[in-house]
Each structure stands twice: as C-alpha cells, then as structure tokens.
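Nothing in this text is a laboratory measurement; each read-out follows from the coordinates by a stated rule. It should be emphasised that the depicted structure is a prediction, and the values quoted were computed from it without experimental measurement. Cβ coordinates were reconstructed from backbone atoms using ideal geometry, including for glycine residues, and neighbour counts include every protein chain displayed.
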Amino acid sequence: MFQRPFYSKIQERLGVKRKFIQVMMGPRQVGKTMIIRQFLEKYSFPRHYASADEATQPLWLQQQWETIRLKARSAESSEALLVIDEIQKIPDWSNQVKIHWDKDSFDNVPIKLILLGSSQLMLQKGLSESLAGRFEVIYIPHWSFREMNDAFGFTVDDFIWFGGYPGPADLISDENRWKEYIRHSLIETTLMRDILLMVRIDKPVLLRNLFDLACSWSGQILSYNKILGQLKDAGNTTTLAHYLNLLEGAGMIKGLEKYSPSTIRQRASSPKFQVFNMALMSALSTMKHQEIIGQPEIYGRWVESAIGTHLLNQSITENINLYYWREGNHEVDFVLQKGNKTIGIEVKSGRNKQSTGIPAFYERFNPTKILLVGREGIPIEEFLATPVSSLFD
C-alpha cells in the first residue's frame, strides 16, 4: 500500500520521551485517516481509534478516554495511544481534551494522543484558546505530482488537469463522473460542512460565488474592487478578505500576496488567486481534458496553476513564504522566501507572455536565484517532481 512521507513524522514525534498532543490537520480527502490506519497496524502498544462522526451523546469523548485508560491498565503497558478523528465536530472539544490530558499528565498515565481534523479554522481556534504549549501540528497537504505518479501512474498532463485527490483517481477515464464526484463529495461537502456549519457566514451565496470566481481566475491577479464588480451582493472588501481566509483555511483557495519588503504593502495588495488542488479548477470548467490540451493559450493557465499548487502545498509544510510580484507591466509568477533567501519563478507554459518581469525583479531585489520553468527552463514534469525545499540548496 502506498505510504505518504508523513507516516515517518508520526513515528518520530511519538517516539520522544517528552510527549505532546499531535494534531494532524489538512483538507478533506488527502489521506489523514489512511496514514493513521497504516500507523496503527504496526503500533505494538494498546490503541483506540474513534471518529467524532459517531459521537451521539455529550460524554462521548470522555468514554473514548476511559476506553484507552482501561486498555492501558489491562495490558500494564508502558504507553498507549488514543486517536480521535474529526475532533472539531465535538462541542467545546479543546477544553475537554485539556481536562483529560492534564489529568493524565498529573497522574503519570502514559497515554499519547493524536487528533485529526479537516476544519483548520476550528482546530486552530481551539488550540490557541485551551491547549497552548501542549501540542504540535502535522499539516497534511494535498497530494503532489510525484505521489500521484507513484500511487496511480498519473502523467504530468493527468496531474495538471485532474490534480491530487487520491479518492477519485480511478474515475479519470470517465470525466463526467469524476467531475460529479469532485463537485458533490469534495466541494459541496467542504463548503457546507467544514465552513458553513462551523463558522457564522452572513452571506453563504457570496462565499460560494467567491469560490467559483477564484477557481476560474486561478493563477491571475484580481483587485478587490474588481472582485466586487464581478459578484452580486458582495458587501465590502473586508467581507471578501474574510471569506477568502475561510476558503484558505479549508485548503481550497488562497489569495497570494504581492512580494514586498514592506509587510504593510503585502497585506494591502490585490490577491493572486491560487487553487490548492487542480481538481477544483478543472471540475468547475465547462471544458474537458482533451479539449483544453489542444488550446495552448488556455491550457497555459492550468500549467501555471499546477506549478502554483506544487509551490503552495509544500510551502506550508516547509515554512516557506509564497508570493507573486507585479509592478506596472512587470510581473513574476511566483516568489519564494525562506529566511534571507529569495527565489523568483517564471512559468513558460506556452502562453504568449512577455518576460520583462524577471530582469526588473532581479534589478530591484537582487534575489538568491531566478528559475524559469517550462520552455527554455526546467521541464515542467521535472519541476513538479522536485521538493520545493531543495530549490534553496
């Protein structure tokens, strides 16, 4: 069975003597539960897995804790592991976890804890309010091209169009069915369950319309005033920025900020929309895979967005800042920053674009390096298979 690299990170974290709550967070259907099940198959101590989807009564979480305590006592084991999936669905979950965790720590009960959740917004709120100093986060991103290639034999063109969801990978030969799956099982579920039911949304139609607009404009810069003009009942820029943050927290859409040494200027910039997974962009398109490959000018947008998904997902796990840059007619597709190192990236995807941005960016900021991806540069397939952190070597 295919094993994601985050499996070893769990082993490493749980192996240390000083124990922390391990919190696995990430978007829907990226394999968090699969990783845990693979881990539990080889875990030699008492363990107990439960999903909050099954919680039906107020004392549900307490019962799970009592179950693992009983297993640990019965086995007289030096440690035991409790895993709670979809933890954010339990009301006041963070305070309940704090009570049990602190009690076990005080009593020297050797129970280790892993919490899984698909609502990053709710998890972060609970962690910051009740569990400060008690947890570590393992962020599980969308699948990369290399993972989709190794697990399902995806070609680079498959990845650019169908993206990195493992669940519907076997459906790509029936594109209509694949699109229906993405729309109903992923997009609607994330919007309706992970956002609308977890956070107060005064304008749910606006949230959905913003998501649709951002997917269709992925890889492009759009000012908030232009966004207001595109959407009905859009309210104000503050509302739009808030809703965009919610979509980012759900692992769907991010508004990249403009690169600038000034943090204030970054936050005031027009966002460059970027999907986290190419499936979100393609499932909402009226075109099909084979149609769009034959139109380089249009397909180029998918190529640039696929490069963006690669950079975006790995930038989160590697603590790398990701931006774009534009000044007048000069533009650089992506800018990576880690510590005092800066990398400018220009994607040559077949679209008829001018390259004046790279010289202007280099002259103004003197970056660590400049990379061209695509024509006259690093082949797209090779770049998508390269860990982003290695670009700084």
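Determine the shape class of segment 301-393: with a ≥ b ≥ c the square roots of the Cα gyration tensor eigenvalues, call it rounded for a/c under 1.5, and otherwise prolate if a/b is greater than b/c, oblate otherwise. Since a/c reaches 1.5 but b/c is at least a/b, the shape of segment 301-393 is classed as oblate. Exposure proxy shown here: for Trp161, Trp325, Trp60, the number of other Cβ atoms within 10 Å sets the order, fewest to most, as Trp60, Trp325, Trp161. Sorted fewest first by neighbouring Cβ atoms within 10 angstrom, His100, His310 come out as His100, His310.
Of the peptides 203-216, 359-372, the ranking by mean beta-carbon count within 10 Å, highest at the top, reads 203-216, 359-372. Across segment 271-287, computed HN-Hα scalar couplings (Karplus, 6.51 cos²θ - 1.76 cosθ + 1.60, θ = phi - 60°) run x, 9, 5, 8, 6, 7, 9, 4, 4, 5, 6, 6, 5, 8, 7, 7, 8 Hz from first to last residue, x flagging Gly and Pro.
Phi-derived couplings, Karplus 6.51 cos²θ - 1.76 cosθ + 1.60 at θ = phi - 60°, listed residue by residue for segment 358-371: 5, x, 5, 5, 5, 5, 7, 10, 6, x, 4, 7, 10, 10 Hz, with x used for Gly and Pro.
Distance from the alpha carbon centroid of segment 287-325 to that of segment 169-233 works out to 17 angstrom. For Gly374, the amide hydrogen comes within under 5 Å of the amide hydrogens of Lys348, Ile380, counting only partners 5 or more places away or on other chains and with H modelled in the peptide plane. If you restrict to DSSP beta bridges whose two residues both lie in segment 145-392, what percentage is antiparallel, to the nearest 5? That works out to approximately 65 percent antiparallel. Each Cα pair of segment 179-244 feeds into the Kirkwood radius, which the Stokes-Einstein equation turns, at 4 °C and 1.567 mPa s, into a diffusion coefficient of 103 µm²/s.
Need one number: convex hull volume per residue for segment 220-317, Cα atoms only, in Å³. Don't skip to the answer; put the middle values down first.
Values: hull volume 12.2 nm³, N = 98.
Taking the convex hull of the Cα positions in segment 220-317, it is 125 Å³ per residue.
Please sort 142-148, 63-69, 36-42 by packing, taking for each peptide the average over its residues of neighbouring beta carbons within 10 angstrom, highest first.
Result, highest mean first: 142-148, 63-69, 36-42.
Helical content of the chain, expressed as a calculated mean residue ellipticity at 222 nm, amounts to -12500 deg cm²/dmol (DSSP H runs of 4 or more residues, -39,500 (n - 2.57) each, divided by residue number, nearest 500). Taking amide H atoms as placed 1.01 Å from N in the peptide plane, the amide H of Ile253 lies under 5 Å from those of Glu248, Phe276, each 5 or more residues away in sequence or on another chain. Converting phi to 3J(HN,Hα) with the Karplus coefficients 6.51, -1.76 and 1.60 and the offset θ = phi - 60°, segment 139-148 yields 8, 9, x, 5, 5, 7, 4, 4, 5, 5 Hz in sequence order, with x at every glycine or proline. A simple count of charges around Gly251, restricted to other residues whose Cβ falls under 14 Å of its Cβ and scoring Lys, Arg +1 and Asp, Glu -1, yields +2. Between amide H atoms placed 1.01 Å from N, distances below 5 Å from Ile138 occur with Val23, Met24, Met25, all of them 5 or more places distant or on a separate chain.
Determine the shape class of segment 36-150: with a ≥ b ≥ c the square roots of the Cα gyration tensor eigenvalues, call it rounded for a/c under 1.5, and otherwise prolate if a/b is greater than b/c, oblate otherwise. Oblate shape, in that a/c is at least 1.5 and b/c is the bigger or equal ratio.
Excluding same-chain neighbours fewer than eight residues apart, the lysines reachable from Lys179 by a Cα-Cα span under 18 Å are Lys288.
Could you work out the local net charge near Val137, counting Lys and Arg as +1, Asp and Glu as -1, over the other residues with Cβ closer than 13 Å to its Cβ? Value of the local net charge: +3. On C-alpha positions alone, give me the angle between the axis of helix 120-130 and the longest principal axis of the chain, in degrees, nearest 10. Helix 120-130 and the main axis of the chain meet at about 50 degrees.
Counting neighbouring Cβ atoms within 10 Å and putting the fewest first, the residues Ile160, Ile84, Ile10 line up as Ile10, Ile84, Ile160.
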